[in-house]
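A short worksheet on the structure shown next.
The values are calculated or read from the model by the stated rules, or taken from the named source; none is laboratory data. Not measured: the values here are computed from a predicted model. Cβ atoms come from the backbone with ideal geometry, glycine included; neighbour counts cover every protein chain shown.
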Amino acid sequence: MDVIEVRQLHKRYGTTTAVDDVSFTVGAGEVFGILGPNGAGKTTTVECLTGLRTPDRGVIRVLGLDPRRDRDELRQRVGVQLQESRLPDRQTVGEAMDLYRSFYRRPADGGRLLEMLGLAAKRDTQYRRLSGGQKQRLAIALALVGSPAVAVLDELTTGLDPQARRDTWDLVEHVRDSGVTVVLVTHFMDEAERLCDRLALIDSGRVAAIDTPAGLVARVGAQQRVRFRPSVPLDERLLTDLPEVADLRHHGEQVVVTGSGTVLQAVTSVLALHHVVAHDLRVEQASLDEAYITLTGRRTAR
Ligand code: ADP
């Protein structure tokens with residue numbers, strides 16, 4: 001069942017077209033990514049989803065509800081962590097939690113949520129005293145406090161250090177495992193690749209492609225390169241005869257094989273069969289970065 005359905009969404013601000021005919025669906029339990037550079041229209045799209053903005057045209061259903069007409073009901077069932085959501089400086093973590101719990105019919109156990117987010121010891125700490133990572137975790141906790149069926153998380157790791165980013169990713173996986181459908185807005189390729197089941201690449205208000213991260217990479221016909229040093233001299237034809245292998249070159253003692261997505265398995269199977277050990281085996285894989293650049297025509301999204 002689709003939890004979210006967006007059809008032909010359009011939104012302009014004056015002469016700026018922010019969202020230009022965007023359509024996608026999100027299934028129950030998915031982590032769905034909306035990926036694109038700054039100004040692509042990602043935030044506008046999720047603001048329309050959550051009823052914070054009115055689209056000019058298009059149909060949106062979230063849990064079967066219309067975000068504008070059924071705004072109050074939707075607010076109970078969709079948790080939102082929007083970019084740069086800030087709390088009053090002197091409000092403590094515990095106070096924020098209690099306040100947000102009061103908004104919901106079926107609030108989650110605030111103590112447990114803080115525990116899960118590693119904030120239990122910060123209950124009495126004022127917002128301004130929290131680190132960037134702790135503020136981000138609190139924002140996620142507050143997005144989950146209504147026990148939502150859907151959580152919308154916008155640019156949740158921007159400005160975090162590498163460790164805090166990783167912790168936040170673990171957390172998103174934890175949220176997904178608890179059965180919540182997640183819409184994740186990001187401009188980071190590594191984040192999208194790690195977390196998203198499927199993603200929409202958005203560029204200049206339009207959907208460039210929707211697929212799994214691996215599907216997007218495969219779509220641009222990306223090849224893999226396998227490098228290794230064989231333990232004994234190798235009859236090249238064993239590898240060049242494989243349908244997966246497109247090219248084989250020697251770089252000194254090193255053999256470099258290029259081929260389609262399953263080339264690694266094909267090469268290692270043949271080597272094993274002939275008792276050849278592949279020393280210093282490395283695989284260079286086409287990344288989502290490359291797929292993104294090809295599909296949107298942009299140099300980079302960082
Ligand atoms: P993203 O989240 O991908 O960075 P946004 O949805 O924030 O993109 O913005 C899409 C486009 O709409 C940008 O060109 C942005 O400058 C413009 N925009 C966003 N919000 C407003 C607004 N309130 N008024 C005018 N223009 C806006």
Of residues in the stretch 54-94 being surrounded by fewer than 19 Cβ atoms within 10 Å (Cβ to Cβ) and within 15 Å of the ligand (Cβ to nearest atom), the one nearest to Thr17 (Cα to Cα): Asp56
Need pairs with beta-carbon distance below 7 Å; first residue in a helix (DSSP H, G or I) and within the stretch 91-115, second of a type in the set (D, E, K, R) and surrounded by 19 or more Cβ atoms within 10 Å (Cβ to Cβ); sequence gap 6+ or separate chains. Val93/Lys122
Return the pair list, or none, for Cβ contacts closer than 8 Å from residues in the stretch 251-273 that are in contact (Cβ under 8 Å) with a residue 40 or more places away in the chain to residues that are assigned to a helix (DSSP H, G or I), at least 6 apart or on different chains. Gly261/Ala218; Val267/Leu239
Among the residues of the stretch 10-26, the number that are within 11 Å of the ligand (Cβ to nearest atom), farther than 12 Å from Leu49 by Cβ and either in contact (Cβ under 8 Å) with a residue 40 or more places away in the chain or polar (S, T, N, Q) (or both) is 6
Here are Ala108, Ala143, Ala121: which of them is in the same structural domain as Val180 (by TED's automatic domain parsing), modelled with pLDDT of 90 or more and within 22 Å of the chain's Cα centre (by Cα)? Ala143
Among all residue pairs at least 6 apart or on different chains, which show Cβ distances below 8 Å where the first residue, located in the stretch 232-249, is among the hydroxyl-bearing types (Ser, Thr, Tyr) and the second is outside any helix (DSSP H, G or I)? Thr240/Leu248
Run Gly36 past the list (1) surrounded by 15 or more Cβ atoms within 10 Å (Cβ to Cβ); (2) among the small types (Gly, Ala, Ser); (3) away from the ligand (no atom under 15 Å from the Cβ); (4) touching a residue at least 60 places away in the same chain (Cβ under 8 Å) and report the number of the one that doesn't hold. (3)
For the list (1) surrounded by fewer than 17 Cβ atoms within 10 Å (Cβ to Cβ); (2) not in a strand (DSSP E or B), I need the number of the one condition that Asp21 fails. (2)
